[in-house]
Amino acid sequence: MIKLIPRVENSKAMILLSPLLALTLTAVSALIIFIFILDDIKVSSVFFTLFVLPLTDSYLFPELLVKAAPLMIIGLGLSIGFRAGIWNIGAEGQYVIGGIAGGAVGLYFYNVEGFWLLPLMALASIIGGMLYASIAAFLRIRYQVNEILVTLMLTYVAVLFLSAMLQGPLRNPAGFNFPESRIFHDSAMLPIIWEGTRLHIGFILAIILSLVAWFGIKKHMFGMQIKITGSAPRAAKFAGFNDNKTVLYSLLISGGLAGLAGFFEASGPAGQLTPGLPQFYGFTAIIVAFLARLHPIGIVFSSLLIALSYVGGEEVQIEYNLPSSITQIFQGMLLFYFLACDILIKYKVVLNKTKD
Amino acid sequence: MNESLFISIIIGITIASTPLIFAAIGELLVERSGVLNLGVEGMMIVGALLGFIVQFHTGSPYLAVLAALLGGMAISSIFAFLTQFLLTNQVATGLALTLFGLGLSAFAGRGYTEETIVLIKAIHIPFLSDIPVIGPLIFSLNPLVYLALVMVYLVWWFLYKTKQGLILRSIGDNHDAAHAIGHNVVRYRFMAILFGGAMAGLGGAFLSLVQVPIWGEDMTAGRGWIALGLVVFASWLPFRIILGAILFGGITVLQLHAQGFDIRISAQYLSMLPYLATIIILVSLRIRLKNKTNRTVPNCLGRIFHSTS
Amino acid sequence: MSISRFSSILKLSFLSVVLAFTSNVSADPVKAAFVYIGPTGDHGWTFAHDEGVKYAKEKLGDDVIMTTIENVAENSDSERVITSLARKNDIVFTTSFGYMNPTVKVAKRYPDVKFEHATGYMLEDNLSVYSARFYEGRHVIGKIAGRMTKSNVIGYIASFPIPEVIRGINSAFLAAKSVNPDVQIKVVWVYTWYDPGKEADAANALIAQGADVLMQHTDSTAAMSVAEEKGIYAFGQASNMREWGPNAQLTGIINDWGPYYADRIAAVRDGTWTSSDTFAGVQQGMVKFAPMNNNMPTEVKNEAMQTIIDLSMGKVHPFTGPINKQDGSPWLAEGETPPNFPDLLTMDFYVEGIDSKYPN
């Protein structure tokens, strides 16, 4: 029998080795699949396109960072709530509302130049996301309605609301009555930090936020509070921490950050509000958060990994004319292996020869 | 409103609600055992494909339904293995399962998008089905609609009337305590997850075997997520799943009718109704119940269990 | 063997030598790429584009290398996909409206690559737009529907309120009304292009409310199969859906992009490509019809065929005045037809006589 023995301390070696093992396993499985479906294509070149090209290509690499930024920001916010056992699975909705709020401010001041515009848009998006998440917080605190239901259902409402806004007040007056906003003017667009690419300042902010969160969780009292509430609600109560406060704060933080990510998307790579704003970031960020074991610095890496699977996946589709479903299968497998290999960090696997 | 319109609205509601009932009642049992599986959408779509394929090749609805059950079960076993034996995080694993299921079914189903099948038809009982109003509404529904209701009853019966059900609930509320008195936590949870997979598979197959005789990738279109929401709506109580599903499916269908009746509200806002109504009605239920603490939430929901002994 | 026969053979062989020579000169095949919004198996919009790509490939053979990428969402990811394609191809077709601004951005960055965007309105020196006058197809099926309905209620499953969909509803209604003054149209908006379950729900709702002919502007075959099951009529959308409704399908509007794609790629090969604005209909063969089914009377069939002929000769315009808007304000005067811009391309109103509320 194979047995799992908990380690006294997390294995440092395994923290590094387990992702490598997961990658290897993914590669082997993908190899088997590719051998089945590709006949005359070199499997090694598929791998190169999938894993290496996005890291080495001067166009794809900044794109990888662009894709990772919103995942990082939303993932960070969610990780705080997940530590406290708050299941905000509707970050997608808060992201959409944040994008609408930030975008609406930018469109209201259309063609108005000013250094203050971007901070104002950011503020609006954060408040928008927070307010939207606070509905779930209020209902949970006041009526004990579980936040899974509320955040999930409100995601659909947010997407329909976006559609209504783009059909109505935010529609581009010169846009042939298509449901799209105007293209934001330059003052409402995030500064580009890598000339000739779409890499915007939001990525830097995402990294800074990760460091802040890391520091915050390590040092700050609130970090302590949510950790305790999550792992032992009763102990938290004894320690005098207020459960309701934790619910409220973690939903506000995750909602606010998701809202900010929505603004970054709208004022960054998209450059306008369109019905395509929601793109599953809110859900994908859940995976990002857990792949990183809710660790802020880990989230930087896990968001890059997920972004790599998207960017590399697209390139493989283009290069080898593969259906998009292959990318999804591949992503699913990658996640399975990463999650599974994690066990090696906390547990020792031993072969137990004696019968139990 | 005339009689036949009323009847077809009600039948439309049963059709829209049944996939949700299947998927939600399965997930309810899973969550009652303390496991949160966010992979419902992925399991549903696999069921939808396998049901369709088997119906297409064999023309046997029994085999098709069986295939959907087994397909949902098979893919849920990945989740069960990872979360129960390799102790992976349930939320992330469930989401990965959704991605994997959507991708796998889309890939495996590529050859079937050009095909059509014979739908599973509603039953007709001589005499009983011919009674006005009651006949069409009670005695001539689709067999799978009845099955969904039976499954809800069975889950209720299992949870509250059997010893195993009691054990399952106690595992969901406190796995350490249940383990300490000798219950096999992992085995119970594994079985519950497989059952959830089978039900999700059936829910998906209802779409491709009863509702429309076609297969298309992503045809579940988010119903798995709604089912997850309904479990919460139901406060983890089996019979409330029916209430939630009828409410959600009902409003979905009614808002389509409302557009036809030309109610002067914009269609976008009408489309928000099913989502908002589930929240509002749950809140009002809580108010009606004098805001009693919700004791049915499984305490261990989403927590990882590993026996240290 | 006669002299003339011999000389023709000579000419032919000469021709083939020349051809071989010229094809040697332009030995490099044109690389053409297509961005799809849905899966190729949707049997609707993307399916029709993919059929067009297959046609063009067959026609141009080794002169072209095709790349297609499916399920590209209309968001900022699309710009990356389009850029990746622009780096490796001579011409890139982006086949959905939501790709417009990304395509414009990439076209500006890659001036040597040709771009073609479907259903948009932004042109550049290296960016063409193309779209089909599907409302001409709706004109034909509107007439058939007006004749075939017994309940005088036509059900219309609509996706999103964008000008193309609105044009279709108005065109179908006017045509139906022209042959059947009592006809009504009931529109249900489902806010999705593809959700078979919801499309079926909408179809059932419309049927329950008395519709006995269905039209759809969504992509799946769900409504067709519901119509078949309920024993009423429906029209194929974007492709022939006879398979799902052998008794229900009257005809179908077929989006035929093939010849356009072949022409445009050939133009790149020949060095004659220039930016253009195409809005083609029945006349140019971009809008075609599935075979008229025998489930309709010969007079109806003949009328439909005649309408198609009239459209293809430019003799009729689906929007010919006098037409008022839904609120009663005048739109087109007696005998007037609307210009492409702004009337057709930005259409955001129902015409007079449609009962449903305009969605906004």
Legend entry - Projected-area mean, segment C:238-330, by convex hull of Cα positions, square nanometres: 9.6
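Just how many % of Cα pairs in chain B lie over 32 Å apart, if you round to the nearest whole percent?
Counting every Cα pair in chain B, those more than 32 Å apart make up 29 percent.
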Inset, instruction - Tell me which residues come under 5 Å, amide H to amide H, from C:Ala234 once H is placed; ignore anything under 5 positions away on its chain. - result: C:Leu214, C:Gln249, C:Leu250
Inset, instruction - Just tell me how shielded B:81-92 is by partners: mean number of partner chain Cβ atoms within 10 Å of each residue's Cβ, no decimals. - result: 6
Inset, instruction - Calculate how steeply helix B:61-80 sits against the longest principal axis of the alpha-carbon atoms of chain B, using the helix alpha-carbon long axis, and give the answer as 0 to 90 degrees to the nearest 10. - result: 30
Inset, instruction - Ignore the peptide's own chain and count Cβ atoms of other chains within 10 Å of each Cβ in A:314-326; give me the average, rounded. - result: 6
Inset, instruction - Quick one: which residues, 5 or more positions from C:Ser128 or on another chain, have an amide H under 5 Å from its amide H? H modelled 1.01 Å from N in the peptide plane, none for Pro or chain starts. - result: C:Phe115, C:Glu116, C:His117, C:Ser276
Legend entry - Peptides ranked, highest mean first, by Cβ atoms within 10 Å: ranges B:136-144, B:220-228, C:149-157, C:339-347: B:220-228, C:149-157, B:136-144, C:339-347
Inset, instruction - Only bridges with both residues in chain C count here: give the DSSP antiparallel percent, nearest 5. - result: 15
Inset, instruction - Could you tell me whether chain A comes out rounded, prolate or oblate from its Cα gyration tensor? Rule is a ≥ b ≥ c as square roots of the eigenvalues, rounded for a/c under 1.5, then prolate if a/b exceeds b/c, otherwise oblate. - result: oblate
Legend entry - Rounded tilt (10° steps) of C:258-270 against the dominant C-alpha axis of chain C: 30
Inset, instruction - Quick one: among A:Gly298, A:Gly168, A:Gly313, which has the greatest mean-square fluctuation in a GNM of chain A with alpha-carbon springs under 10 angstrom? - result: A:Gly168
Legend entry - Isotropic mean projected area of the C-alpha convex hull, the protein assembly as shown (nm²): 47.3
Inset, instruction - Report the relative contact order of segment C:233-360, percent, no decimals, based on alpha-carbon pairs under 8 angstrom and at least 6 residues apart. - result: 17
Inset, instruction - Restricting things to alpha carbons, tell me how big segment B:224-282 is in terms of Rg and Dmax, in Å. - result: 12.3, 37
Inset, instruction - Please arrange C:Glu70, B:Glu217 by counting, for each residue, the other beta carbons lying within 10 Å of its beta carbon, fewest first. - result: C:Glu70, B:Glu217
Legend entry - Exposure proxy ranking, count of Cβ atoms within 10 Å, fewest first, for A:Val96, A:Val247: A:Val247, A:Val96
Inset, instruction - Take chain A, connect every pair of alpha-carbon atoms lying under 10 Å apart with a spring to form a Gaussian network, then pick out the residue of A:Lys218, A:Lys12, A:Lys245 with the largest mean-square fluctuation. - result: A:Lys12
Inset, instruction - Report the residue, chosen from B:Leu87, B:Leu289, B:Leu270, that carries the largest GNM mean-square fluctuation when chain B is represented by alpha-carbon nodes joined by springs under 10 Å. - result: B:Leu289
Legend entry - Using θ = phi - 60° and Karplus 6.51 cos²θ - 1.76 cosθ + 1.60, couplings along segment B:94-103 (whole Hz; Gly, Pro as x): x, 5, 4, 5, 4, 4, 4, x, 5, x
Legend entry - Over 19 Å (Cα to Cα) - which of A:Lys12/A:Lys67; C:Lys186/C:Lys357; C:Lys288/C:Lys315; C:Lys143/C:Lys301 fall in this group: A:Lys12/A:Lys67
Legend entry - Amide H within-cut-off set for A:His200, under 5 Å, with H built and near neighbours excluded: A:Ile193
Legend entry - Isotropically averaged projected area of chain C, using the convex hull of Cα atoms (one quarter of hull area), nm²: 21.3
Legend entry - Note, ³J(HN,Hα) from phi for segment B:201-216, Karplus 6.51, -1.76, 1.60, rounded to Hz, x at Gly and Pro: x, 4, x, x, 5, 4, 5, 8, 10, 10, 7, 9, x, 9, 10, x
Legend entry - Farthest positive-ward along chain A dipole, Cα basis, beta-carbon charges - from A:Tyr320, A:Val350, A:Leu65: A:Val350
Inset, instruction - Give the order of B:Met272, B:Met199 when sorted by the count of other beta carbons within 10 angstrom, beginning with the fewest. - result: B:Met272, B:Met199
Legend entry - Note, ³J(HN,Hα) from phi for segment A:63-72, Karplus 6.51, -1.76, 1.60, rounded to Hz, x at Gly and Pro: 5, 4, 5, 4, 5, 6, 4, x, 5, 5
Inset, instruction - Calculate how steeply helix B:143-161 sits against the longest principal axis of the alpha-carbon atoms of chain B, using the helix alpha-carbon long axis, and give the answer as 0 to 90 degrees to the nearest 10. - result: 30
Inset, instruction - With a 10 Å radius around each residue's Cβ, average the other Cβ atoms per peptide and rank C:308-320, B:40-52, highest first. - result: B:40-52, C:308-320
Legend entry - Mean residue ellipticity (222 nm) of the protein assembly as shown, computed from DSSP H runs ≥ 4 via -39,500 (n - 2.57), nearest 500: -19000 deg cm²/dmol
Legend entry - 10 Å Cβ neighbours from other chains, averaged over peptide B:97-110: 6
Legend entry - Mean Cβ neighbour count within 10 Å, used as a protection proxy, ranking A:284-292, C:172-180 highest first: A:284-292, C:172-180
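Values quoted throughout were computed directly from the atomic coordinates according to the rules given, and no laboratory measurement underlies them. What you see is a predicted model; the values in this text were computed from it and never measured. Glycine gets a Cβ as well: all are built from the backbone with ideal geometry, and neighbour counts include every protein chain shown.
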